[in-house]
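Participant: The structure that follows is given in the form of C-alpha cells.
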Amino acid sequence: MKRTIALLVSLLMLLAVFAGCAGGANNAAGGSDKPQTETSGGASSSGSAEGTQSTGPVRREQLRVALSGQPDTLDPYASSNTCGLIATLLVYERLLRTDEEGNIIPWLATEYEMLDDTTLRFVLRDDVYFHDGSKFTAEDAAFSLKTAAESSFTANLFGSIDPEGFEIKSDTELIVKLLSPNAAILKALSSNRGVMISKNYYENAAAEDVARKPMGTGPMVFEEWVVGDHYSFTKNENYWGDELAYDSVLFRFITESSSRCIELETGGVDIAQELAFSDWDRIDQNPKTKLIKGDTLGTRFLVFNQNVEFLRDYNVRKALAYALDFEAIVNVVWQGNARVADSYYSPAISGHKAVGPQEYNPEKAREYLALAGYSESNPLKFTYYTYENTVNITLAEMVQQMWAAVGIEAEVSVTDLSSFTTMNNNGELTVTLLSTTASIADPTAALLIWPITRTISVRHGDQHIQDLLDAGVATYDQAERDAIYGELQDYLWEKFYAVPVCYPQEGYGCASYVENLPFYPNTCFELDRVTFSE
C-alpha cells in the first residue's frame, strides 16, 4: 500500500482547490461515503453545493462569523467543540488535507508514504514558520502526533501511534511508527483533528495561553478573546501559502439561534452557524442569504454516566430508555430534520448495523423501575443537564415530561456551553444529551465517546468495548472491519450505557456574496476556502 506523492503534484491539486470549486462535503465524507447535501437560497441559481461562482477575485477586510456558543478552550487537543475547531483551523494546519473530491493530498508534508502496515514516512515543507517566528520542523510534527495519540479527545483516531516511535531523520523528514495497524490513519491525519502544534510553545507557555491564545502556522494569527462576546484573528503576513480572501476574521458568540439569523439577515455577520429549523425557510427564500444544509455524520445520544451509582443499575438504564418516545421526540425537537437512530453511528459510515430503534414502552419502563426498587412512594430522582441551545432545551422538556409519566422525577439544569463542556470533561454530568459528529467517515471517528480513555460523562469502563474498538481500527480488510463493528453495535445496544436518539441534519447560512462554503457533513466548515463575489 506504499504511496508517494510528489510536491509538483500537490501544488497542481492545491491550485485546483483554490480555483473556485467547492468540495467540503467530500472533504469530510471521505469520497464514496458522501451524505446528501444541498445549498439553496435566492442567490443560488444551481441549488448545488457550489452556489454562484465568482466572476473574479474579491477581497474583504473582514469575515464575520456567528458561532452558537463560546468554547472553553482553543487548544485543539483539549476539546472537540465545533465552535472552537472552526476557528483553530485558521490557526493550525495539518500534514495532509483532502481536495474537493475527498482525495488525500499533501499540505505541510510535501510527500508521504506508508512503508508497511505500521510505518509512515513524511517529508515536510522547508518554508513553514509558526506565528512566533520559529520554524516548523519534524520535531514539532512528532510532538504534535504524540500529543494527538495521548489526548483523550483524539486518541480514538491517533491512539495507535507509538508515543516513542518517532525517528527524526532531519528537520524535514520524519518516520512514524504505529503500535498496531490503523486502517483510518491517513484519513485521520487529513482531518481537522490532526493539526500541527509548536513543541516549544506547548511545553513552555502558560496553560491559560495555550487555551486562550492559539499559536500555529496557519493563515490567521490570534488577536484577542473578549470573554462572552468574541474572539478575533488577523492576517499572517509571513504565511507560506496562498493569501486568503479576507484580512481578518471575527467570531461572535451568539447563543440564541434567532439572534444569529437576524444578524445574518441584517448584515451583521457573513456566516451564521447552526440555524434553528424554524429559520431555514426564511433564509432559503431571502435573496440576500443562502441556506446550506445536509445530512451530517453525527449521532445524538442520551448518555447514562456509569460513575453515578443509580445509573450502574441495568434496570434503571432500561427504564429510562423505554419511557421515551423517540419518534415523537425527533418530530418535535428536530422538526422532521433528522432520522430516529437505529444504531450508534450514521448509516453513511461503513460498518453501520441497524440494531434499533429503541422501543417505546412505558409499561416496561415501570416494570424495570420496580425491579430497581423504585415506586410511587420512592421515585427515582436525578438532575438532567444541558446547555443553552434551542434543540437541547426542547429535548430536555420532552424527556422530563415522558419520564414523569412513568414516575421518574428529573430536574433540568441549564448552563452555558463552556460550563457544560467542563462538567462533561470532568465526568460530572448525570444524564444528558451528547452530540457527536465524525470528523471523517470512519467508525473510529464516529465512535468518539466510547474509548475507555475518554474522560467524558459516559465512564462505562467496559474493557470489551475497548477490545472491539482496538480490533476494528487495526483491521485493514473492510469485510472483517464491518463484522467487528457490527458486533460492537450489538453489544452497545444490549448494555444501555447510552441510547442513540437520532441522525440529524444541520443547516447554516451565509450572505449571498459568500462562496465556496459548501455543506460539511462533519459540521466543521473550513473558512480558508471561502471567497466572495461582488
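The values are calculated or read from the model by the stated rules, or taken from the named source; none is laboratory data. All values reported here derive from a predicted model rather than from experimental measurement. In this analysis, Cβ positions are derived from the backbone assuming ideal geometry, glycine residues included, and neighbour counts consider all displayed protein chains. Areas reflect the complete protein model, heavy atoms only, side chains present, ligands, DNA and RNA absent. Shrake-Rupley method; radii C 1.70, N 1.55, O 1.52, S 1.80 Å.
Participant: Would you be able to say whether some residue in region 143-165 is assigned to a strand (DSSP E or B) and either under 16 Å from residue 78 (Cβ atoms) or more than 26 Å from the chain's Cα centre (by Cα) (or both)? If you could, list the steps in order and put the result at the bottom.
Facilitator: Step one: of region 143-165, the residues assigned to a strand (DSSP E or B) are 161-165.
After this cut, where a residue has to be either under 16 Å from residue 78 (Cβ atoms) or more than 26 Å from the chain's Cα centre (by Cα) (or both) as well, the list is 164-165.
Looking through region 143-165, at least one residue is assigned to a strand (DSSP E or B) and either under 16 Å from residue 78 (Cβ atoms) or more than 26 Å from the chain's Cα centre (by Cα) (or both).
Participant: Name the one entry in 485, 476, 491 that is of a type in the set (Phe, Trp, Tyr) and not in a helix (DSSP H, G or I).
Facilitator: Values: 485 fails: not in a helix (DSSP H, G or I); 491 fails: not in a helix (DSSP H, G or I).
Of the residues listed, the single one that is of a type in the set (Phe, Trp, Tyr) and not in a helix (DSSP H, G or I) is 476.
Participant: Here is a check on your reading of the model: is residue 401 surrounded by 15 or more Cβ atoms within 10 Å (Cβ to Cβ) and among the polar types (S, T, N, Q)? Outline the logic, then answer.
Facilitator: Values: surrounded by 15 or more Cβ atoms within 10 Å (Cβ to Cβ): no; among the polar types (S, T, N, Q): yes.
So residue 401 does not fit the description; no.
Participant: Would you be able to tell me the number of residues in region 106-141 that are open to solvent by 10 Å² or more (accessible area, probe 1.4 Å), closer than 13 Å to residue 174 by Cβ and among the hydrophobic types (A, V, I, L, M, F, W, C)?
Facilitator: Of the residues in that region, 2 qualify.
Participant: Moving on to the next point. From the list 434, 417, exactly one residue is closer than 23 Å to residue 318 by Cβ and either surrounded by 15 or more Cβ atoms within 10 Å (Cβ to Cβ) or in contact with a Cys (Cβ under 7 Å, 6 or more places away or on another chain) (or both). Which is it? Step through it out loud before you land on a result.
Facilitator: On the way: 417 fails: closer than 23 Å to residue 318 by Cβ.
Just a single option satisfies the conditions, and that option is 434.
Participant: Counting residues that are in contact (Cβ under 8 Å) with a residue 40 or more places away in the chain and under 25 Å from the mean Cα position of the chain (by Cα), which strands (runs of 3 or more DSSP E) fully inside region 97-142 reach at least 2? Spell out how you get there, then give the answer.
Facilitator: Working: elements: 104-106, 109-116, 119-124.
By residue number, 104-106.
Participant: Filter region 295-323 down to the residues that are over 26 Å from residue 346 (Cα atoms) and crowded, with 23+ Cβ neighbours inside 10 Å and list them by number.
Facilitator: Correct list: 316 only.
Participant: Taking region 282-294, which residues are open to solvent by 30 Å² or more (accessible area, probe 1.4 Å) and closer than 30 Å to residue 385 by Cβ? Before you say what the answer is, go through the steps one by one.
Facilitator: So in region 282-294, the residues open to solvent by 30 Å² or more (accessible area, probe 1.4 Å) come out as 282, 284-288, 293.
Once the filter is applied, which keeps residues that are open to solvent by 30 Å² or more (accessible area, probe 1.4 Å) and closer than 30 Å to residue 385 by Cβ, region 282-294 yields only 293.
Participant: Scan region 463-488 for residues that are acidic (Asp, Glu), over 14 Å from residue 181 (Cβ atoms) and either out of contact with any helix residue (DSSP H, G or I) (no Cβ under 7 Å at 6 or more places or on another chain) or open to solvent by less than 20 Å² (accessible area, probe 1.4 Å) (or both) and jot them down.
Facilitator: Within region 463-488, 467, 482 qualify.
Participant: Let me ask something else about it. Keeping to region 454-473, report how many residues are of a type outside the set (Gly, Ala, Ser) and assigned to a helix (DSSP H, G or I). Step through it out loud before you land on a result.
Facilitator: Here is the first cut: in region 454-473, the residues of a type outside the set (Gly, Ala, Ser) are 454-456, 458-460, 462-470, 473.
Among the residues that remain, those that are also assigned to a helix (DSSP H, G or I) are: 463-470, 473.
Qualifying residue count for the region: 9.
Participant: Working only within region 378-392, note down all residues that are open to solvent by 60 Å² or more (accessible area, probe 1.4 Å) and not acidic (Asp, Glu).
Facilitator: Applying the first criterion (open to solvent by 60 Å² or more (accessible area, probe 1.4 Å)) to region 378-392 yields 378, 381, 388, 390.
If the condition is that a residue be open to solvent by 60 Å² or more (accessible area, probe 1.4 Å) and not acidic (Asp, Glu), then 378, 381, 390 are the ones that fit.
Participant: Suppose we filter region 489-534 for residues that are of a type in the set (S, T, N, Q), under 28 Å from residue 310 (Cα atoms) and open to solvent by 10 Å² or more (accessible area, probe 1.4 Å); how many remain? So that I can check it myself, show each step before the final result.
Facilitator: First, the residues of region 489-534 that are of a type in the set (S, T, N, Q): 489, 505, 512, 516, 522-523, 531, 533.
Going one step further and asking which of them are under 28 Å from residue 310 (Cα atoms), we end up with 489.
Pick out the ones that are also open to solvent by 10 Å² or more (accessible area, probe 1.4 Å) and you get none.
Total meeting the criteria: 0.
Participant: What tally of residues in region 62-99 results from selecting those that are small (Gly, Ala, Ser) and farther than 18 Å from residue 157 by Cα? Please lay out each step first, then the result.
Facilitator: In the first step, residues of region 62-99 are kept if they are small (Gly, Ala, Ser); the result is 66, 68-69, 78-80, 84, 87.
Imposing the further condition that a residue be farther than 18 Å from residue 157 by Cα reduces the set to 66, 68-69, 84, 87.
Of the residues in that region, 5 qualify.
Participant: Residue check: is residue 203 of a type in the set (D, E, K, R) and in a helix (DSSP H, G or I)?
Facilitator: Details: of a type in the set (D, E, K, R): yes; in a helix (DSSP H, G or I): yes.
Yes; evaluated as a whole, the condition is true for this residue.
Participant: Tally the residues that are within 15 Å of residue 104 (Cα to Cα) and assigned to a loop (DSSP other than H, G, I, E, B), restricting the search to region 176-196.
Facilitator: Of the residues in region 176-196, 7 are within 15 Å of residue 104 (Cα to Cα) and assigned to a loop (DSSP other than H, G, I, E, B).
Participant: Determine whether region 471-488 contains at least one residue that is under 27 Å from residue 219 (Cα atoms) and of a type in the set (Gly, Ala, Ser).
Facilitator: Within region 471-488, the first condition is being under 27 Å from residue 219 (Cα atoms), and the residues that meet it are none.
No, that holds for no residue.
Participant: Next question. Does region 160-176 hold any residues that are surrounded by 16 or more Cβ atoms within 10 Å (Cβ to Cβ) and small (Gly, Ala, Ser), and which are they?
Facilitator: 160, 165
Participant: State whether the residues of region 19-34 include one that is assigned to a loop (DSSP other than H, G, I, E, B) and either of a type in the set (D, E, K, R) or at pLDDT 80 or above (or both). Lay out the reasoning, then the answer.
Facilitator: Initial filter on region 19-34 (assigned to a loop (DSSP other than H, G, I, E, B)): 19-23, 30-34.
Still in the list and also either of a type in the set (D, E, K, R) or at pLDDT 80 or above (or both): 33-34.
For region 19-34, residues assigned to a loop (DSSP other than H, G, I, E, B) and either of a type in the set (D, E, K, R) or at pLDDT 80 or above (or both): present.
Rundown of residues vs (1) modelled with pLDDT under 90; (2) closer than 18 Å to residue 440 by Cα, yes/no style:
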position	(1), (2)
75	no, no
79	yes, yes
84	no, yes
98	no, yes
105	no, yes
108	no, no
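Participant: While we're here: Pairs, please: C-beta under 8 Å, at least 6 apart or cross-chain, first residue over 15 Å from residue 60 (Cβ atoms) and among the aromatic types (Phe, Trp, Tyr) and in region 249-272, second open to solvent by 10 Å² or more (accessible area, probe 1.4 Å) and part of a loop (DSSP other than H, G, I, E, B)?
Facilitator: Taking only residues 6 or more apart or on different chains, the pairs are 253/70; 253/228; 253/229.
Participant: For region 76-96, give me each residue that is under 20 Å from residue 234 (Cβ atoms) and either among the aromatic types (Phe, Trp, Tyr) or part of a loop (DSSP other than H, G, I, E, B) (or both). Talk me through it step by step, then tell me what you get.
Facilitator: In the first step, residues of region 76-96 are kept if they are under 20 Å from residue 234 (Cβ atoms); the result is 76, 83-93.
Across region 76-96, the qualifying residues are 76, 89, 90, 91, 92, 93.
Participant: What are the residues in region 227-249 that are outside any loop (DSSP other than H, G, I, E, B) and surrounded by fewer than 18 Cβ atoms within 10 Å (Cβ to Cβ), if any?
Facilitator: Keep residues of region 227-249 that are outside any loop (DSSP other than H, G, I, E, B), which gives 230-235, 246-249.
Result: 234, 235, 247, 248.
Participant: Looking at residue 148, is it within 27 Å of residue 523 (Cβ to Cβ), touching a Phe, Trp or Tyr at 6+ places or on another chain (Cβ under 6 Å), open to solvent by less than 10 Å² (accessible area, probe 1.4 Å) and of a type outside the set (Phe, Trp, Tyr)? Please lay out each step first, then the result.
Facilitator: Working: within 27 Å of residue 523 (Cβ to Cβ): yes; touching a Phe, Trp or Tyr at 6+ places or on another chain (Cβ under 6 Å): yes; open to solvent by less than 10 Å² (accessible area, probe 1.4 Å): yes; of a type outside the set (Phe, Trp, Tyr): yes.
So residue 148 fits the description; yes.
Participant: Do we find a residue being of a type in the set (Gly, Ala, Ser), part of a loop (DSSP other than H, G, I, E, B) and open to solvent by less than 20 Å² (accessible area, probe 1.4 Å) anywhere in region 351-369?
Facilitator: Narrowing region 351-369 to residues of a type in the set (Gly, Ala, Ser): 351, 354, 356, 365.
So of that shortlist, the ones also part of a loop (DSSP other than H, G, I, E, B) come out as 351, 354, 356.
Still in the list and also open to solvent by less than 20 Å² (accessible area, probe 1.4 Å): 351.
The answer is yes, given that some residue of region 351-369 is of a type in the set (Gly, Ala, Ser), part of a loop (DSSP other than H, G, I, E, B) and open to solvent by less than 20 Å² (accessible area, probe 1.4 Å).
Participant: Return yes when residue 396 is open to solvent by less than 20 Å² (accessible area, probe 1.4 Å), part of a helix (DSSP H, G or I) and either touching a Lys or Arg at 6+ places or on another chain (Cβ under 7 Å) or more than 18 Å from residue 81 (Cα to Cα) (or both) and no when it is not.
Facilitator: So residue 396 passes the test.
Listed here are the residues, each with its yes/no results for (1) touching a Gly at 6+ places or on another chain (Cβ under 7 Å); (2) at pLDDT below 95; (3) open to solvent by 30 Å² or more (accessible area, probe 1.4 Å).
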position: 55; (1), (2), (3): no, yes, yes
position: 61; (1), (2), (3): no, no, yes
position: 66; (1), (2), (3): no, no, no
position: 71; (1), (2), (3): yes, yes, no
position: 91; (1), (2), (3): yes, no, no
